[in-house]
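Asker: First, the structure itself, so that you have it in front of you.
The values are calculated or read from the model by the stated rules, or taken from the named source; none is laboratory data. These numbers come from a predicted model, not from an experiment. Every residue, glycine among them, receives a Cβ derived from its backbone with ideal geometry; neighbour counts consider all protein chains shown.
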């Protein structure tokens, strides 16, 4: 066994809840942020409760980082307090009689001996989550986003081996959600701490996750690296409609401060993006929305668009209109999705009107150029630095595949 490989999360369980049967069989690196994705009621939160010990499986086995939490055959069922997990729910569940600092230090007290010395120090958590100005405040004086940041800090200070996040942004409005998302990214990249993250929001999954577990009607139907599972039928909501997009991995190749641009070296092509505060060589993950990609059938010249990426069309996908697209369900959407392979492991998506697809006779095998505006690839919305844990998980998956 490779001592340098990350520990693993292994779950093989069955649980019946009334008429609902939950089945899960997964084996994943315990590293990075793993999103549990599926429709409401698909079984995502049930898995979190099983791992946390809040629900007891009817049968099976749960192993986290080499320690067996549950094994029905051997009569093992580790109590919640011995599992050393951090849990963050939709509602922050802060103690109303304690200040922000008191709530945070409660997490340290929960850790007990694990906090000596603290693997996740108090000052580091306060700095990471921007809580310094809030320490003396009472929970009822905080905004929803601030309360969730405090809940995150308390869970981190419990020194968990695994952080469980059960739709932590679902109760927040769009501005508060936008406020908290960058802090979750910092958490993901700042600590060597694996995260299981429940969500049915495509934007959260695409922005945060390095790995994915797909759920459908109570069953974990697939698990693995995010980029490999995006084409799975159950991942369709992650790539549907005009908001579909492609995930591209690359590294910072250089900066041009005079023009305010950075260059990313991707697989077989380069991208120019607004200037990044990242050093050369830094790994990045980039989401390019389909609505930001135009197509040309000949080498484009005399255009203001900087990014012109050559490729071949692999698929032209018909879409059905949503309510905002057309009056009445089931009618064809006004656009199609054109998938263009631009590298051995990279496929870009373009949302093209049906009229344009017909006029250009877009079809599989056709050579084309994908045109992407640099200004569309702004760092705040689309470009994410990948953490060490995410890279370790991907390296482990690559090693297993090889």
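Asker: Are any residues in the range 57-72 modelled with pLDDT under 95 and assigned to a loop (DSSP other than H, G, I, E, B), and if so, which ones?
Answerer: 65, 66
Asker: Out of 137, 93, which single residue is on the phi > 0 side of the Ramachandran plot and touching a helix residue (DSSP H, G or I) at 6+ places or on another chain (Cβ under 7 Å)?
Answerer: After ruling out the rest, the residue left standing is 93.
Asker: Please determine, by comparing only the residues of the range 26-53 that are in contact with a helix residue (DSSP H, G or I) (Cβ under 7 Å, 6 or more places away or on another chain) and assigned to a loop (DSSP other than H, G, I, E, B), which one is farthest from residue 234 (Cα to Cα).
Answerer: 53
Asker: Right, something else. Quick one: how many residues across the range 252-274 are surrounded by 14 or more Cβ atoms within 10 Å (Cβ to Cβ) and more than 23 Å from residue 367 (Cα to Cα)?
Answerer: Count: 9.
Asker: Within the range 59-78, is there a residue that is within 24 Å of residue 150 (Cβ to Cβ), in contact with a helix residue (DSSP H, G or I) (Cβ under 7 Å, 6 or more places away or on another chain) and in the same structural domain as residue 220 (by TED's automatic domain parsing)?
Answerer: No, the range 59-78 contains no residue that is within 24 Å of residue 150 (Cβ to Cβ), in contact with a helix residue (DSSP H, G or I) (Cβ under 7 Å, 6 or more places away or on another chain) and in the same structural domain as residue 220 (by TED's automatic domain parsing).
Asker: Mind listing whichever residues of the range 189-203 are within 18 Å of residue 48 (Cα to Cα) and in contact with a helix residue (DSSP H, G or I) (Cβ under 7 Å, 6 or more places away or on another chain)?
Answerer: 194, 195, 196, 197, 198, 199
Conditions (1) modelled with pLDDT of 85 or more; (2) surrounded by 24 or more Cβ atoms within 10 Å (Cβ to Cβ); (3) within 16 Å of the chain's Cα centre (by Cα); (4) closer than 28 Å to residue 290 by Cβ, marked per residue:
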| position | (1), (2), (3), (4) |
| --- | --- |
| 153 | yes, yes, no, no |
| 160 | yes, no, no, no |
| 212 | yes, yes, yes, yes |
| 225 | yes, no, yes, yes |
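Asker: Out of (1) buried (at least 19 other Cβ atoms within 10 Å of the Cβ); (2) outside any helix (DSSP H, G or I); (3) out of contact with any strand residue (DSSP E or B) (no Cβ under 9 Å at 6 or more places or on another chain), the odd one out for residue 168 is which?
Answerer: With (1) buried (at least 19 other Cβ atoms within 10 Å of the Cβ); (2) outside any helix (DSSP H, G or I); (3) out of contact with any strand residue (DSSP E or B) (no Cβ under 9 Å at 6 or more places or on another chain) applied to residue 168, the lone miss is (3).
Asker: While we're here: Given the criterion out of contact with any strand residue (DSSP E or B) (no Cβ under 6 Å at 6 or more places or on another chain), closer than 26 Å to residue 227 by Cα and without any contact (Cβ under 8 Å) to a residue 24 or more places away in the chain, identify the matching residue among 41, 18.
Answerer: That would be 41, the only listed residue that is out of contact with any strand residue (DSSP E or B) (no Cβ under 6 Å at 6 or more places or on another chain), closer than 26 Å to residue 227 by Cα and without any contact (Cβ under 8 Å) to a residue 24 or more places away in the chain.
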